[in-house]
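Working notes, structure below.
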Amino acid sequence: MLTTSEMSALEALTDTIIPPDDWPGAVAAGVCNFILHLLANEENWHVDAYHLGLAALDRLARGVHDLPFDGLTLAQRTSVLEMVEQQSQEAVASGIETSWLGLVIRHCAEGYYADSGNGGNFDQLSWAMVGYKVTI
Amino acid sequence: MSGYDAIVIGSGAGGGIAACVLAESGFSVLLVERGEQLSYHDVGRDHLRNQRLSAYGHNAGPGLGNPRTARNAQGELVALSPWQGGYHANAACVGSGTVVYGAQAWRFLPQDFKMASIYGVPPGSSLADWPIEYNDLEPYYTRAEWELGVCGDDRANAHSAYRSKAYPMPPMRSTLQHGVLKAGADRLGWNTSPVPLLINSQEYGGRPACAACQHCVGFACPVDAKNGTANTVIPRAIQTGRCELRSSTMAKRLVCDDDGQVIGVELASELYGEISTRVVYARKVILSCGAIESARLLLNSTSSQHPSGIGNRYDMVGRNLQGHYYPGAMGLMPHDVYDGIGPGVVISTSRFNHGNKGIIGGGMIANEFIMTPITYWHRALPPEVPRWGQANKDWMRDNYRRTIHITGPVQEIPSPSARVTVNREVRDKYGIPVAHLSGATHEETVRTSAFMWERCVEWLQASNAQHIWGEAPRGAWLSGGQHQAGTCRMGDNPESSVTDRWGRVHHQSNLYILDSSIHVTNGGFNPVLTIMALAYRGAEKVASELNGH
């Protein structure tokens, strides 16, 4: 569904939205797997938005840092996303839409915090992180 | 004409009870349900597809092929899927919402039946008294509490009304939040009480006690301790040998004789994509489809005798659609207040249901059920916390267990323009015109909600919340959802109501409505126990008529 370079950009993006620390970030928790499931099913009408959004994000990264988005540090990626949120001149010029970023943020949270049956939240690790324990 | 003594359409809180009462009274009953019979495993534990968070679907129906229409904020006509905002879904399965509900088992208060007399009728509203009083329903509230099983403390609530019998079970066990909020309420001088629940706090009815799991509201019970109609009255009805349950079957329209009296129902079902229909006859027909679908069925039952639908001579069917506004506030507490003991809703106050100076009505407020982490992320984050990045992850990790959510249903002031009509241009998978929803609640509902929101904040402050967020609802919108009610209100005057005081449709000898459609107003409480009590009372009346009385 996504090319290798798109997948790499998606991993960089989701790990910016939920970065790794003492607990796994989005990628290690299976968020990209969750998103691919969703894009193959109920959210299939958003596939084009992902293609366009990831390309625009890459243009923005190259314009600002002269590097692809997945070549940036976490701090640089964070500042790029802040530019998108604040609709900076460069972000608007890149064609990236804040509504798409909002969609990816929602998908990330759902992949990270929803039940593992949806393809993310491997080993229910986010539940262990927040302290939501399923007893039966 | 051969047929059943009664056809009951819809197997939720009202229909399940009606079927049981009639079957146990010796009558043959056909119980029709559009959804399927679902086990605990069928419902599952999908955190993105449940009645609490229906991001991509529902675990207990309805599914695709059942659209409704409404106008969006831009005024465009849109077709909505059941899990989208504005659809106002009720579960579609055997037992309906009682399979996945939170099971709060409140009685309305005596004042809730006399809203117009107590407060007057605000201009533009259709506020009215019920034709019956609390005392008319009291025996049936008691019957519902004992036959299905309710836990609670009948002596704790200083604001409750007379009851003829105590609850059959003691309240649920206490939790961390109970202690914190009780201390806060004590500081304010507020009376509190445990929340009555249709859940076994101890073994009851041959089923075990609650296992205190973290998936109560929105999901089916893993140990079958949640008392709905699917595990109580419906099996009893079937056990008589006189009740036939037909699931995955839709009522298409009501069928009348030459005098315009209802004598049967046209049913539709789907097998391998083929729709088949058949007409089934009965001496009595009972609609228990919920406030939106019961109105839709009446409006779709047009004929030469009923050009605008059955019971709709005065254009009353579908009006006064109401549910509950749910003002709520979240508070960050100094310590963890999460102990994982479900269902989680444990402490409430009914102090503000009435008697609020300058305010019409009010509502009960209580702490919230355990929220799944993703529901918390969607609904409970403070506005200033970023939705992404380290700060968001930190908040979830540090504060999920420290948050208390106070909320509750506000008694709505009904508006006649909030209504269900049918859209004949859009059909469901059976080819039946779908429900179209329009209008909004009365402005007084918004004002009462703002008042109740302040009480939620006050309770959190007194309980030592360090930070409080959440907003009072602003603006009037259509309210329905799982608490939908009011579209076929009962009354003594056929020109301003749809049914009589028993739920019998005016000018119809054989047609009853026993669900929340007949609520004149919807109380400041979860309405299910009232639906159940009305079903017991109405079904007894139907049984006595079938006996020739």
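Worth a mention:
- Theoretical FRET efficiency, 1/(1+(r/R0)^6), r = Cβ-Cβ of residue B:314 and residue B:281, R0 30 Å, to 0.05: 0.60
- Calculated FRET efficiency, residue A:75 to residue A:22, Cβ-Cβ distance, R0 = 22 Å: about 0.75 to the nearest 0.05.
- Only the Cβ atoms of Lys and Arg (+1) and of Asp and Glu (-1) were treated as charged; on that basis the dipole of chain B about its Cα centre amounts to roughly 540 debye.
- Tensor-based shape of segment B:336-479 (alpha-carbon gyration tensor, a/c under 1.5 rounded, otherwise prolate or oblate): oblate
- Of all segments of chain B bounded by trypsin sites (Lys or Arg not before Pro) found in a DSSP loop with no more than 12 other C-beta atoms within 10 Å, the longest spans B:156-356.
- Net charge over other residues, Cβ less than 14 angstrom from the Cβ of residue B:520 (K, R count +1; D, E count -1): -4
- Radius of gyration, Dmax [segment B:1-125; alpha carbons; angstrom]: 18.8, 54
- Axial C-alpha extent at least 24 Å, average Kyte-Doolittle at least -0.5 - helices from chain B (DSSP): B:443-462, B:528-546
- Around the amide H of residue B:4, modelled in the peptide plane, lie the amide H atoms of B:281, B:282, B:283, all under 5 Å away and 5 or more residues distant in sequence or on another chain.
- For chain A, the Stokes-Einstein estimate of translational diffusion at 20 °C and a viscosity of 1.002 mPa s comes to 141 µm²/s, using the Kirkwood hydrodynamic radius over alpha-carbon pairs.
- Other residues within the sphere of radius under 13 Å centred on the Cβ of residue B:413, judged by their own Cβ, net out at -3 (K and R +1, D and E -1).
- The relative contact order of chain A, computed from alpha carbon pairs under 8 Å that lie at least 6 residues apart in sequence, is 31 percent.
- Of the GluC sites (Glu not before Pro) in segment B:203-285, the ones in a loop by DSSP (not H, G, I, E or B) with at most 12 other beta carbons within 10 Å are B:203.
- Alpha-carbon Debye profile of chain B, log10 I(q)/I(0) at 0.07 Å⁻¹: -0.36
- Residue B:133 paired with residue A:136, simple spin-label distance in nm, labels 7 Å along Cα-to-beta-carbon: 4.3 nm
- Judged by the ratio a/c of the largest to the smallest principal axis of the C-alpha gyration tensor, segment B:484-549 counts as oblate, that ratio being 1.5 or greater while a/b is no larger than b/c.
- Counting all C-alpha pairs of the protein assembly as shown, share separated by more than 44 Å (%): 24 percent
- Sum of side-chain charges, residue B:56 neighbourhood, beta-carbon under 10 Å (Lys, Arg +1; Asp, Glu -1): -3
- The label point for residue A:49 and the one for residue B:303, both projected 7 Å from the Cα toward the Cβ, are 4.8 nm apart.
- Nearby lysines by direct alpha-carbon distance to residue A:133 (threshold 23 angstrom, same-chain neighbours under 8 apart not counted): B:226, B:393
- Over the protein assembly as shown, DSSP H runs of length four or greater, each weighted -39,500 (n - 2.57), average out per residue to a 222 nm ellipticity of -9000 deg cm²/dmol.
- Calculated FRET efficiency for the pair residue B:454/residue A:62, C-beta based, R₀ 60 Å, to 0.05: 0.70
- Counting only DSSP beta bridges with both residues in the protein assembly as shown, the antiparallel share comes to about 70 percent.
- The residue list B:523, B:493, B:43 was ranked by how far each Cα lies along the charge dipole of segment B:4-546 toward its positive end, using unit charges on Cβ atoms, and B:43 comes out on top.
- Spatial extent of segment B:356-403: Rg and Dmax, with the Cα atoms as the point set, Å: 15.2, 46
- For segment B:98-226, the Kirkwood radius over C-alpha pairs fed into Stokes-Einstein at 25 °C and 0.890 mPa s yields D = 147 µm² per second.
Read-outs throughout are calculated quantities, based only on the coordinates presented, and are distinct from any laboratory measurement. The structure displayed is predicted, hence computed values, not measured ones. FYI the Cβ positions are ideal-geometry reconstructions off the backbone, even for glycines, and counts take in every protein chain you see.
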